[in-house]
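To keep things clear, I will list the structure first and then write my remarks on it.
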Amino acid sequence: MICVLGATYKEISLLLSSLVNVQSLNLGKSCLWQGKIKKQNLIVALTGIGPVNAAYLTTLLLEKYPIKMVVLTGCGGAFPGIGLELGNIALANEEIWAEAGAYTEEGWRSLAEINLPYWDKEGKRLFHRFSLKGLHTEFFGKEISNLLSSETFKIGPFITVLASTGNQQRLKVLKQRFPEGICENMEGAAVAQICQMYKLPFLEIRGISNFLGEYRRSNWEIDLATNNVQKIIIELLERHQKWPF
Ligand SMILES: O=C(O)c1cccc(C(=O)CC[C@H]2O[C@@H](n3cnc4c(=O)[nH]cnc43)[C@H](O)[C@@H]2O)c1
């Protein structure tokens, strides 16, 4: 069974309308829908915005259901000038916490630099970066590349924040800290950590709704971004009736 998570209703609504034999369920304080797309058993769940909501529901789901893979979707902000436009698609090959660490006299130091793991168990230490490089990301990266042109699809590190980057000053800090970052969001690193703790493959695929560095909500293309990315996920689910991971 595959689980697809989104923070807001808009980010999962198209997926929900594609589900057949749908059952609406409550889990803890959250809601989810169970159904099928072709032969694929699917849970689609609404996390709410932010890392606490996302980690809460991911944990409940992984404890209760035989989930083999988690997909997080929704809209996201693009780093300007990297070739991503509004409505384009981004796939994460790494999840990074923008802040986790310490502000010292010499500046920000990451969790790894101050040797303070968020998770240190069973021989695994997790700091502020979670690599998603592996067979599943490669496989779906290639699959999406077959569906979209290289101008409208990029793979790279996603940055997770508590506050979106709405001015140039903050953008400059993030670009200096993570020059390879392509997309910002508010849930990715939280779900990535839970999936690594449970040793499960995790994909994050987002549609670009806005650019970092300005906070003009009227310019955000949330509908375009969330529809485009859900169409891709539905296409992947229909093409591959048994996902190989
Ligand atoms: O007002 C609305 O209808 C609405 C619908 C969906 C999302 C929102 C948001 O306020 C965005 C936060 C939400 O979306 C992700 N996101 C999108 N762009 C960014 C960004 O530039 N920086 C951080 N997060 C972003 C995020 O993952 C949240 O879940 C409003």
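Please identify every one of the GluC sites (Glu not before Pro) in the stretch 20-105 that sits in a loop by DSSP and has no more than 10 other beta carbons within 10 Å of its own beta carbon.
Numbers: sites: Glu63, Glu85, Glu94, Glu95, Glu99, Glu105; in loops: Glu85, Glu99, Glu105.
Counting only loop positions with at most 10 other Cβ atoms within 10 Å, the GluC sites (Glu not before Pro) in the stretch 20-105 are Glu105.
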message: What value in Å³ per residue do you get for the convex hull of the alpha-carbon atoms in the stretch 84-205?
response: 109
task: Pull out the extension gain between Glu113 and Arg239, defined as 0.36 nm times the separation in residues minus the alpha carbon to alpha carbon distance; nm, one decimal.
output: 41.1 nm
Extension gain from Gln169 to Arg217, taking 0.36 nm per residue of separation minus the Cα-Cα distance: 15.5 nm
message: Give me P(r) over the stretch 1-87, computed from all C-alpha to C-alpha distances, binned every 10 Å, as integer percentages.
response: 16, 49, 25, 10, 1
field: Cleavage-rule hits (trypsin sites (Lys or Arg not before Pro)) in the stretch 1-92: DSSP loop, at most 16 neighbouring Cβ within 10 angstrom
entry: Lys29, Lys38, Lys39, Lys68
- line: Under the Karplus relation with 6.51, -1.76 and 1.60 and θ = phi - 60°, whole-Hz ³J(HN,Hα) for the stretch 37-53, x at Gly and Pro, equal 10, 6, 8, 7, 6, 9, 10, 10, 9, 9, 7, x, 7, x, x, 5, 4
Against the rule of thumb 2.2 N^0.38 Å, how large the Cα Rg of the stretch 46-136 comes out: 1.31
task: Based solely on C-alpha atoms, express the radius of gyration and the Dmax of the stretch 2-239 in angstrom.
output: 17.2, 58
statement: Taking Cα atoms, the helix 168-177 axis meets the longest principal axis of the chain at an angle in degrees (rounded to 10) of 90
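Here, each number is a calculation from the coordinates, and none is a lab measurement. Predicted model only: the values in this text are computed from it and were never measured. Methodologically, a virtual Cβ is constructed for each residue, glycine included, from the backbone with ideal geometry; neighbour enumeration extends over all protein chains shown.
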